[in-house]
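This report refers to the structure that appears directly beneath it.
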Amino acid sequence: MKDKKKIIIANEFRLEDQNGQLRALLSGTEKGTFFSLMDGGEKEVVKLSVEDTGLSSLTFFDSSAKEKIQLSLDEKGMHIHLAGEGKQESYIFLKSNAASGFVLTDVDGNRRFQATMGPDSNPHVTIFPPGADPRDL
């Protein structure tokens, strides 16, 4: 007996567990393709996105559905974004023009530290003390 290829065409696929809870979602829209994994409460905890423009990202959410980690590729380059408490965040980037670096903020979202290297390979480190002017190291 020959193996027959079976093709299923749909805009969305939903995977449910034995209790009928949504556990995964694969969808195609006019903006791109998206794959999400859900927890037992049907909250999105991981999302893989590929936009029609070719931009892509992998995002991880905490139990309150807040984005915590995002790895992305866009027209500017590659990025790793880490979200902390409040508005605190850290991110690492490698731009298309070969500039790279990382940035740290405080819980209010104020930039406190950055280390960058431009396309010329010269490093630059700056601290941003609370209530004071930025200081290059």
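The values are calculated or read from the model by the stated rules, or taken from the named source; none is laboratory data. All of these numbers come straight from a predicted model, not from anything done at the bench. Note that each Cβ is placed from the backbone with ideal geometry, even for glycine, and that neighbours are counted across all protein chains shown. Remember, those area values only see protein heavy atoms, side chains included, never the ligands or the DNA or RNA. Shrake-Rupley method; radii C 1.70, N 1.55, O 1.52, S 1.80 Å.
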Accessible area, probe 1.4 Å, largest first, for residues 16, 30, 44: 30, 16, 44
Relative contact order of segment 26-137, pairs being alpha-carbon contacts under 8 Å that are 6 or more residues apart, as %: 11 percent
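Using the heavy atoms of the protein chains and a 1.4 angstrom probe, tell me the accessible area per residue for segment 32-92 in square angstrom.
Per residue, segment 32-92 has 60 Å² of solvent-accessible surface.
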Around residue 111: net Lys/Arg minus Asp/Glu count, Cβ-Cβ under 12 Å: -1
Candidate lysines - alpha carbon under 18 Å from residue 95, same-chain residues fewer than 8 apart omitted: 76
Residue 92 - accessible surface, heavy atoms, 1.4 Å probe, Å² rounded to 10: 90 Å²
Accessible surface of the chain [probe 1.4 Å, protein heavy atoms]: carbon and sulfur percent: 57 percent
Under the Karplus curve 6.51 cos²θ - 1.76 cosθ + 1.60, θ = phi - 60°, whole-Hz ³J(HN,Hα) for segment 120-135, x wherever Gly or Pro sits: 7, 6, 8, x, 9, 10, 9, 10, 10, x, x, x, 9, 6, x, 10
Projected label distance in nm at residue 88 and residue 39, using a 7 Å step from Cα toward the beta-carbon: 2.0 nm
Area accessible to solvent at residue 135, 1.4 Å probe radius, in Å²: 130 Å²
Listed residue (35, 25, 64) projecting farthest to the positive dipole end of segment 22-74, Cβ model: 64
Whichever lysines have a C-alpha closer than 19 Å to that of residue 68, once near sequence neighbours (fewer than 8 apart) are set aside: 43, 47, 87
J(HN,Hα) series, segment 10-20, from Karplus relation 6.51 cos²θ - 1.76 cosθ + 1.60, nearest Hz, glycine and proline x: 7, 8, 8, 10, 10, 10, 10, 7, 5, 9, x
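Full-extension gain between residue 125 and residue 18, please, as 0.36 nm times their residue separation minus the C-alpha to C-alpha distance.
Once the chain is fully extended between residue 125 and residue 18, it gains 33.2 nm.
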Rounded to the nearest 20 debye, dipole of the chain from Cβ charges on Lys, Arg, Asp, Glu: 480 debye
For residue 60, net neighbour charge (Lys/Arg +1, Asp/Glu -1) across residues whose Cβ lies under 9 Å away: 0
